[in-house]
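Some notes on the structure that comes next.
Values in this text are rule-based calculations from the coordinates and carry no lab data. Source: prediction; values computed, not measured. We place every Cβ from the backbone using ideal geometry, glycine too, and count neighbours over all the protein chains shown.
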Amino acid sequence: MLIRNVTVATMGEGGTGYGLRPDCAVLIEGDRIAQVTPEAKLAPTTGTDGEINGEGRLLTPGLIDCHTHIVHGGNRAREFEMRLEGASYEEVARAGGGIVSTVTATRDTPETTLLAQALTRADALIAEGATTIEVKSGYGLDIDTELKMLRVARAIGQERPVRVLTSFLGAHAVPKGVEADAYIDDVCIPALKAAHAEGLVDAVDGFCEGIAFTPAQIGRVFEAAQALGLPVKLHSDQLSNLGGTPLAAQYGALSVDHVEYSSEGDARAMAQAGSVAVLLPGAFYTLHETQKPPVAAFRQHGVPMAVATDWNPGSSPMGSILLAMNMACTFFGLTPAEALAGTTCHAARALGLQDTGVIAPGMRADLALWDVEAPAELSYRIGVNPLHTRIFGGQPCQ
Ligand code: NIG
Ligand code: FE
């Protein structure tokens with residue numbers, strides 16, 4: 001297949017710019033990109049079957065939402081009202097709301113219903129050009145429900161033309177009436193082993209926070225992950241700095257996520273470990289957070305920054321990756337080029353993927369064609385979706 005007459009944002013310059021190539025054509029063979037070539041060099045006869053005339057539109061890598069919780073039961077609109085009445089996220093959590101209330105709803109929701117609901121969320125991301133979505137467990141907190149969530153996550157990738165990567169997030173919250181250390185040893189680690197045995201886990205995540213787990217407890221989960229040969233990532237420094245980030249770096253984390261309260265030392269540790277900082281402006285916005293992630297330190301130390309929705313029913317009920325990009329620019333001062341790198345090449349790296357996120361020969365033909373003149377338009381508008389065509393594995397499909 002040939003996509004003609006496009007401006008290509010290759011995103012192949014290590015996240016420093018768009019890698020723009022005007023007046024180009026992209027040749028696709030099977031599910032891979034074969035060639036990016038100037039339109040002028042194409043023989044007039046090249047490509048007839050399955051040719052797309054881009055008519056000067058912008059072609060980018062398909063977007064990657066590298067941090068979501070789109071498999072969950074119920075909703076937390078009541079909690080939204082409580083926060084508007086003055087309660088904080090932590091107060092709601094400590095009063096039995098928050099993550100553990102979604103745990104009850106997720107346990108009570110049948111697998112088929114969970115999947116139907118998750119598919120509508122995946123569809124919203126796909127409609128904005130997403131070709132890869134990460135999905136976490138973590139609203140089960142018992143072995144059966146953690147496995148149920150991960151099976152549903154895998155099923156999304158079978159039901160829809162999208163690639164799904166799963167993260168086991170058993171260390172997300174301490175279930176009611178259970179002691180945290182006992183939960184880690186007796187439920188979380190056995191659930192991880194069971195999920196891994198069924199091929200349901202691509203990476204292992206945790207939540208290091210006062211309302212969740214200590215670095216020592218997360219360290220035990222990371223030991224178990226390492227023993228299984230699984231990469232790790234961590235929700236760290238979202239509400240406070242407990243030292244989760246150096247721990248994640250010590251285990252060579254693919255990414256450290258949220259990072260509002262991270263220090264310059266944390267940024268240095270991430271740079272040394274090659275970890276991506278995943279910025280989640282939807283949670284920052286929803287929780288009225290004022291502490292911003294140390295973007296200047298990330299830039300200075302060369303920490304790649306990704307941007308994701310964190311779509312979850314509590315802290316980030318946000319179903320738009322384009323809005324996450326807009327917010328990353330407006331709240332955190334990313335350039336639109338950094339925001340697009342954050343949902344393409346750097347998001348791929350946050351998931352440990354080397355075959356997507358960049359337009360270059362040999363990469364997967366996961367692409368998005370946009371009705372825009374300049375790539376900054378993807379971050380600039382609010383609530384506007386300029387997607388023209390999404391291409392997944394070389395096939396145009398919406
Ligand atoms: O990424 N920080 C922890 N986990 C989610 C919140 C989940 C929830 O509130 O249900 C997050 O923000
Ligand atoms: Fe999250």
query = How much length is gained if the chain between GLN395 and GLU81 is pulled fully straight, taking 0.36 nm per residue apart and subtracting their Cα-Cα distance, in nm to one decimal?
reply = 108.7 nm
remark   = The simple spin-label model distance between ALA95 and SER240, using points 7 Å out along Cα→Cβ, in nm, is 2.0
task = Using a 10 Å cut-off on Cβ atoms, rank the peptides 201-207, 352-358 from the highest mean neighbour count down.
result = 201-207, 352-358
key: Cα-based reach from LYS176 at 12 Å (exclusive), listing aspartates and glutamates while leaving out same-chain residues under 8 positions away   = ASP142
key: Estimated FRET transfer efficiency (ASP144, GLU51; beta-carbon r; R0 51 Å; 0.05)   = 0.55
inquiry  = Can you give the log10 of the normalised intensity I(q)/I(0) at q = 0.11 Å⁻¹, computed with Debye over equal Cα scatterers of the chain?
reply    = -0.74
query = Roughly how many nanometres apart are two label points built 7 Å out from the Cα toward the Cβ at VAL384 and ALA216?
reply = 5.4
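For GLU377 and ALA197, calculate 0.36 nm times their separation in residues minus their Cα-Cα distance, and state this gained length in nm to one decimal.
Numbers: separation 180, 0.36 × 180 = 64.80 nm, distance 4.41 nm.
This chain segment gains 60.4 nm when fully extended.
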request  = Quickly rank 271-279, 143-151, 292-300 as a protection proxy: mean count of other C-beta atoms within 10 Å, highest first.
outcome  = 271-279, 143-151, 292-300
note = Within the set CYS329, CYS208, CYS345, GNM on the chain using Cα springs under 10 Å gives the largest fluctuation to CYS329
query = Between segment 221-274 and segment 74-105, what's the alpha-carbon centroid distance in Å?
reply = 26
ask   = Which residue, GLY282, GLY50, GLY170, tops the fluctuation ranking in a GNM of the chain built on C-alpha contacts under 10 Å?
value = GLY50
key: Modelled FRET efficiency - R0 30 Å, ASP23 with ARG299, Cβ distances, 0.05 increments   = 0.45
key: segment 166-234: GluC sites (Glu not before Pro) in DSSP loop, at most 13 other beta carbons within 10 Å   = GLU179, GLU198
ask   = By average Cβ neighbour count within 10 Å, what is the ranking of 183-190, 307-314 from highest down?
value = 307-314, 183-190
query = Under a 5 Å amide H to amide H cut-off, with H placed in plane at 1.01 Å, what residues pair with ILE52 once short-range neighbours are removed?
reply = LEU2, ILE3, ARG4
